[in-house]
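To keep things clear, I will list the structure first and then write my remarks on it.
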Amino acid sequence: MAFTLEDGTGVANANAYIDETFADTFHGDRGNTTWTIANTADKQSAIIRATDYVDKRFGARFRGYKEHHDQGLEWPRISAFDNDDFLWDGVPAPLEKAVAEYALIALQISLLPLPARPYSTLDPATGSVTSGVSGQVVSKREKVGPLEEETRYSDVSKNAYRTKPAAASSPLVSDFNLPEYPVADEWLKELLKNGFAVELRRA
């Protein structure tokens, strides 16, 4: 699918809340060279992944309702008011800034990492099987003569991803597979419904 920007009118096949120009300016102002040295294709892919992440993780908790039935993304929305009771119009600035922050992360790692998996290792010499659960590699040691290799993984029971915040809306995920991204997450706070409070709409 081609890179298609949501321009605030409810584009049917939109897959990005911001374009490369917005992200370049945002990260250039903040000295984020990891972003500025990336090529256009990688930047656009990161923006699409960041947009996907925002809609998947927060979509059900955004204030208001989709403006058009066939729009590609969650925004624009109707009856979505900020904390000062002003209507959010088109694609809100905090959403654009959040997507820029998530895109920077998406350029480097997966925003939704795969959960840790169990593994088994067979020792050919003894026939013994070692089982465990793989996390991130924390160290690796190799020795030659006699050959020896050791790889250590993080203990996922102690170093699991942070517990999901209230903003995580999917009932299909556990409390240990949604990492937090505080800088980006904070931008979205005012766009989300406040817990289980009843949403009031103007007549």
Q: Scan the stretch 31-67 for residues that are part of a loop (DSSP other than H, G, I, E, B) and farther than 16 Å from Tyr17 by Cα and jot them down.
A: Gly31, Asn32, Ile37, Ala38, Asn39, Arg63, Gly64
Q. Restricting the search to the stretch 3-18, which residues are among the acidic types (Asp, Glu) and more than 16 Å from Ala100 (Cβ to Cβ)?
A. Asp7
**Q.** Only one of Ala100, Ala125 that is at pLDDT 65 or above, closer than 27 Å to Arg49 by Cα and small (Gly, Ala, Ser)
**A.** Ala100
Q) From Ala46, Ala12, Ala38, which residue is outside the structural domain of Glu186 (by TED's automatic domain parsing), touching a residue at least 60 places away in the same chain (Cβ under 8 Å) and farther than 17 Å from Leu188 by Cα? A) Ala12
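The values are calculated or read from the model by the stated rules, or taken from the named source; none is laboratory data. All values reported here derive from a predicted model rather than from experimental measurement. Heads up, the Cβs are rebuilt from the backbone with ideal geometry, glycines too, and the neighbour counts pull from every protein chain shown.
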